[in-house]
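Structure first, then comments.
The values are calculated or read from the model by the stated rules, or taken from the named source; none is laboratory data. Everything numeric here is computed off the predicted structure, so don't read it as measured data. Neighbour counts are summed over all protein chains in view; Cβ atoms, including those assigned to glycine, are modelled from backbone coordinates with ideal geometry. To get the accessible areas, we keep the full protein, side chains included, count just its heavy atoms, and leave off ligands, DNA and RNA. Shrake-Rupley method; radii C 1.70, N 1.55, O 1.52, S 1.80 Å.
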Amino acid sequence: MAPPVIGIEQNKLLLNNFAEDLISWHKKNGRHNLPWQIKISPYKVWISEIMLQQTQVKTVLPYYKEFLIKYPNIKSLSNSKLDDLLELWTGLGYYRRAENIYKTSQILKNKYNYIFPKKYEDILDLPGIGKSTAGAILSIAYNKKYPILDGNVKRVIKRYFAIKGINDNENNLWNISESLLPANNNNIFTQSIMDLGALVCVKKNPLCNECPLNKKCKSLKLKLTDKIPEKKQKLVKKHVNLYLLLIQKYESEKFVLMKKNPSDGIWANLWNLPSFNGVNEYKKFLLSNNISGTSSQYDYIEHNLSHLKLKIDIIKVELKKCTEVDNYCWKNIYDKIGSSKPIMMIIDKLKREQK
DNA sequence: AACACGTGGAG
DNA sequence: TCTCCAAGTGT
């Protein structure tokens with residue numbers, strides 16, 4: 001059963017003045033002082049757009065500021081190491097984004113001579129940049145006529161045209177987003193439609209009486225604003241048991257046995273404690289590495305990811321002698337490292353106890 | 001075409 | 001506390 005398609009032809013009336021109304025609203029009511037909006041450059045738009053993927057503005061702000069201080073431009077970024085980026089990214093989540101920024105920085109250095117490309121295809125080719133981020137860079141930084149389709153724009157479009165269905169007819173939404181673009185001022189327009197979604201056309205209790213589009217908004221007319229967009233059915237999280245071993249160096253409790261995660265899976269490339277899926281697995285690890293010592297439950301953490309519920313037992317092993325373990329190393333807990341939230345929590349607890 | 005990928009804001 | 005989901009992308 002096909003979702004109800006909004007014929008753009010039939011809704012031409014709805015498109016009249018759409019962009020103009022939005023832009024004039026934005027002038028007085030939009031956000032104009034976010035750090036990536038000051039002295040706009042493709043570099044700033046790129047970094048901010050990556051950070052803002054599935055992440056709220058408030059959360060991004062401190063990370064973005066630190067990033068721009070450490071890496072004010074493409075050249076300085078291209079001299080960074082992935083580990084440095086991951087350390088900065090720690091706590092922000094979706095760590096693949098940091099890896100993709102790193103990869104892109106190397107491409108900008110080697111292929112584009114430190115100059116951010118201007119062609120849609122070139123930009124879309126860069127790791128971590130999809131259609132929406134490419135559209136944002138092209139419109140906001142270069143004032144070119146390209147659409148975006150982020151959460152805000154989806155919500156505005158679905159409400160304005162009263163589009164039902166949870167199965168985003170993506171192509172149709174992209175077409176509609178493109179059809180809304182004005183002839184000029186696409187930089188401002190993109191900001192405007194995002195701001196409308198973020199400030200007025202919010203998901204719960206939208207402020208329709210303040211909306212510049214309320215005269216023609218179809219779902220407002222049909223009293224459907226609280227039903228559109230329709231809720232997706234929630235996914236059932238898989239429960240996963242995890243055992244992390246907390247092993248401090250015999251000579252100094254400042255050092256903890258750690259290993260960097262592989263470059264796929266959760267927390268890719270981040271530092272991790274010895275991690276196992278079962279008791280037998282970690283006991284086998286201790287045995288095969290000739291690690292003896294009393295083991296005891298140190299902590300228990302439940303950590304929710306968007307798709308998993310992690311139940312993490314932290315087992316502390318008290319060493320009785322000096323030890324080295326293949327593929328692991330002793331990390332100073334006072335060094336800054338890229339790590340996941342649970343690892344951060346464990347290290348923080350350790351530091352508190354050592355004081 | 002679903003699913004993996006993190007964390008925290010907000011009600 | 002619980003639930004939803006945020007300036008999405010890659011596979």
Legend entry - Tally, over region A:66-120, of residues that are within 16 Å of DNA strand B (Cβ to nearest atom) and either in contact (Cβ under 8 Å) with a residue 40 or more places away in the chain or not aromatic (Phe, Trp, Tyr) (or both): 21
Inset, instruction - Considering every residue within region A:260-270, establish whether at least one is at pLDDT 95 or above, surrounded by 12 or more Cβ atoms within 10 Å (Cβ to Cβ) and in a strand (DSSP E or B). - result: yes
Legend entry - Sole exception among (1) touching a residue at least 24 places away in the same chain (Cβ under 8 Å); (2) more than 16 Å from DNA strand B (Cβ to nearest atom); (3) within 30 Å of A:Ile228 (Cα to Cα); (4) crowded, with 18+ Cβ neighbours inside 10 Å for A:Ala134, by number: (1)
Inset, instruction - Provide a single number: the residues in region A:182-212 that are within 11 Å of A:Leu22 (Cα to Cα) and either open to solvent by 10 Å² or more (accessible area, probe 1.4 Å) or not assigned by TED's automatic domain parsing to the domain that holds A:Arg155 (or both). - result: 6
Legend entry - strands (runs of 3 or more DSSP E) lying entirely in region A:286-349 (those with 1 or more residues that are more than 16 Å from DNA strand B (Cβ to nearest atom) and exposed (fewer than 11 other Cβ atoms within 10 Å of the Cβ)): A:293-304
Legend entry - Of all residues in region A:274-285 being within 19 Å of A:Val256 (Cβ to Cβ) and within 31 Å of the chain's Cα centre (by Cα), the one that is most open to solvent (accessible area, probe 1.4 Å): A:Ser275
